[in-house]
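The values are calculated or read from the model by the stated rules, or taken from the named source; none is laboratory data. Here the structure is a predicted model, which is why all the values come from computation and not from measurement. Here the Cβ positions follow ideal geometry from the backbone for every residue, glycine too, while neighbour counts run over all protein chains shown.
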Amino acid sequence: MPYSTNCGSIFRAELRGGCGAALLALLLTCSPVAWADAQRDPELRGVVMQAIASAECFPDKFDSAVWFTMMEPRLRRTVHDTDERMQILKTAYCEAHRPGTQRLPPGLVLALMDVESHFDRWAVSSAGAVGLMQVMPFWPSELGMKRFQLTQIEANMRMGCAILRFYLQREKNDVRKALARYNGSVGRREYPDKVVQRWTRTWNGADDLGLAARQ
């Protein structure tokens, strides 16, 4: 099923092959609003639990090295800590290429984080969504986790990618509709259009590696 963006050809190729309360309050204005009903689909619990349970990733070493070389200078503009920057990139690549699941374009994952939190893992929205991918705060209790884990890079991105993948499947790979569900803004174009624009302009080229081998 083609994806409803101008990155559709890339995506089709892919398919083939604790923070204190005061600090949290200060960060409320740093992220886009996430609507209160976002990410509450009952079926999501099992999907996210499965993603958390299977965290291994074995990317091709050459592809991985080339990808880091391409993406690291772009993220350096926003994330100044080297270890944190590399952890975000590694997790984005691994979660996008998680074995046994529908592949996600890494560029879309990066664009979503760029718009949602501007790569600030401490970001909190007015609805309480937390972290890089602005995961809603009810998830830790649903999964037997602690709330502070929402600010951890790998845990937050693992949940966020599982949620995004779930909505893409529900919306038959219509990226804009899936993004609207993720953000809780169904029927509105502003948020999906912003993420897609960031995907195709800022994070273009992030989805290109290994396509020939997987076609």
- Item | Sole exception among (1) of a type outside the set (Gly, Ala, Ser); (2) part of a loop (DSSP other than H, G, I, E, B); (3) crowded, with 18+ Cβ neighbours inside 10 Å for residue 95, by number | (2)
- Which is buried (at least 24 other Cβ atoms within 10 Å of the Cβ) and over 21 Å from residue 206 (Cβ atoms), of 186, 124? 124
- Quick one: would you say residue 181 is within 12 Å of the chain's Cα centre (by Cα) and of a type in the set (Lys, Arg)? no
- Message: I'm trying to understand the selection: among the residues of segment 131-146, which are hydrophobic (A, V, I, L, M, F, W, C) and either in a loop (DSSP other than H, G, I, E, B) or more than 21 Å from residue 90 (Cβ to Cβ) (or both)?
- Response: 132, 133, 136, 138, 139, 143, 145
- Query: touching a Leu at 6+ places or on another chain (Cβ under 6 Å), under 28 Å from residue 73 (Cβ atoms) and not hydroxyl-bearing (Ser, Thr, Tyr): does that describe residue 195?
  - Reply: yes
- How do the helices (runs of 4 or more DSSP H) wholly within segment 147-215 filter down when requiring 1 or more residues that are at pLDDT below 90: which remain? 153-170, 211-214
- Task: Determine whether residue 91 is within 10 Å of the chain's Cα centre (by Cα) and not aliphatic (A, V, I, L, M).
- Result: yes
